[in-house]
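Below is one structure; the comments refer to it alone.
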Amino acid sequence: MKIIITGAAGLIGSHLTQSFSSSHDVLPLKHSDLDITDSQAVASFLNQERPDLIVNCATIEVDDCERDPELARAIHVEGPRSLARAAASVGGEFIHFSTNYVFDGREEGRAPYTFQDKAHPVNVYGKVKLAGESAVRDACPHTFIIRTSWVYGRGKKTFLSTVYQELLAGRPVRAVADNWANTTYVVDLVSRIGELLPRKRYGTYHVVNQGVCSYSEFALEAGRILHLEDARLTELVQQIEEAETKRPAPRPRYTPMQCLMSDQLGLTPMRHWRSALKDYLMQATDNA
Ligand SMILES: NC(=O)c1ccc[n+]([C@@H]2O[C@H](COP(=O)([O-])OP(=O)(O)OC[C@H]3O[C@@H](n4cnc5c(N)ncnc54)[C@H](OP(=O)(O)O)[C@@H]3O)[C@@H](O)[C@H]2O)c1
């Protein structure tokens with residue numbers, strides 16, 4: 001297949017590029033190569049390239065969406081709509097990423113959300129991601145919507161991706177202890193997408209590792225895998241509440257997800273987050 005990936009320099013885009021490149025003709029587009037908010041550039045570029053599949057990985061961060069709702073809408077609704085239209089116009093398929101933040105997470109301890117649960121976002125990012133889902137679904141009939149959650153892996157400086165380095169260096173970290181969601185190892189996400197693509201069952205998937213945790217539970221588990229002693233870990237991982245972070249965008253509190261679509265396809269359940277984290281740390285260090 002000829003595959004175009006937008007936002008390809010990011011975490012998911014770079015891993016997808018690497019994975020798809022072994023068996024497909026992949027054209028990875030960085031922000032500087034194609035700005036997805038430029039609808040004319042999108043239409044003319046894609047009409048010329050005529051890909052079989054477009055994968056949209058372009059995004060801005062949650063708090064930046066809260067600061068600039070107009071830009072958030074351009075990147076998460078209008079840009080994806082142009083890309084999905086372009087895919088449809090050449091008879092292609094479209095993959096679009098969405099998020100657990102489409103749910104409000106108000107009910108702590110609830111059963112995992114499925115695609116049948118009503119979305120009710122609590123911040124601008126969640127609202128535009130939800131609107132983006134409708135836009136791409138309407139624009140391209142051959143669309144996979146992949147909702148994922150708290151993705152980590154090699155190549156992005158985020159708390160989940162780099163907390164192990166802080167702990168190994170003996171630097172204390174502040175970790176939020178009162179929000180819970182599924183984490184997702186990017187390698188597992190990419191591998192699941194590889195399984196979904198050939199099945200051509202278009203719809204909304206929840207692709208996450210099993211089990212929920214908070215950032216502080218994730219950090220503590222990373223420390224244990226790295227054989228740090230409990231007393232040392234208690235010193236290093238400073239547990240804080242979401243309210244203390246004073247981040248511009250409110251976060252939904254409890255957003256576990258489950259993938260009914262993958263269950264219906266008979267796919268093996270995604271592994272547990274502790275096992276995925278162990279694998280990540282084994283790859284990232286020699287002593288996990
Ligand atoms: N990471 C997560 O935890 C997570 C969780 C749930 C859902 N998702 C979704 O997964 C998708 C990919 O996320 P990610 O974590 O891989 O993102 P990322 O690492 O932040 O990468 C996003 C990329 O998009 C590029 N970009 C920004 N504005 C653009 C524009 N107007 N046109 C083209 N490219 C643009 C950025 O380039 P510059 O930096 O050069 O601007 C960056 O390389 C997004 O849809 C996101 O909402 C991610």
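Read-outs: derived from the displayed coordinates by stated rules, not from any lab. These numbers come from a predicted model, not from an experiment. Cβ coordinates were reconstructed from backbone atoms using ideal geometry, including for glycine residues, and neighbour counts include every protein chain displayed.
Listed here are the residues, each with its yes/no results for (1) surrounded by fewer than 21 Cβ atoms within 10 Å (Cβ to Cβ); (2) more than 18 Å from His96 (Cβ to Cβ); (3) charged (D, E, K, R); (4) without any contact (Cβ under 8 Å) to a residue 24 or more places away in the chain.
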| position | (1), (2), (3), (4) |
| --- | --- |
| Met1 | yes, no, no, no |
| Gly7 | no, no, no, no |
| Gly13 | no, no, no, no |
| Asp52 | yes, no, yes, no |
| Ile60 | yes, no, no, yes |
| Pro80 | no, no, no, no |
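Report the residue count in the range 254-277 for those that are closer than 29 Å to Leu226 by Cα and surrounded by fewer than 17 Cβ atoms within 10 Å (Cβ to Cβ).
Total satisfying the criteria: 5.
Mind checking which helices (runs of 4 or more DSSP H) fall wholly inside the range 144-238 and carry at least 1 residues that are among the hydroxyl-bearing types (Ser, Thr, Tyr) and under 22 Å from Tyr113 (Cβ atoms)? Lay out the reasoning, then the answer.
Working: elements: 159-168, 186-196, 215-225, 230-236.
Qualifying helices (runs of 4 or more DSSP H): 215-225.
Quick check on my filter: what residues within the range 119-178 are within 16 Å of the ligand (Cβ to nearest atom), among the polar types (S, T, N, Q) and surrounded by fewer than 17 Cβ atoms within 10 Å (Cβ to Cβ)?
The answer is Ser134, Thr158, Thr162.
Which of the helices (runs of 4 or more DSSP H) contained wholly in the range 1-95 include at least 3 residues that are more than 13 Å from the ligand (Cβ to nearest atom) and more than 19 Å from the chain's Cα centre (by Cα)? Quick ask: steps written out before the conclusion?
Values: elements: 11-21, 39-49, 62-67, 69-73, 79-89.
Here the list reads 39-49, 79-89.
State whether the residues of the range 96-115 include one that is in contact with a Leu (Cβ under 6 Å, 6 or more places away or on another chain), among the polar types (S, T, N, Q) and outside any helix (DSSP H, G or I).
Yes.
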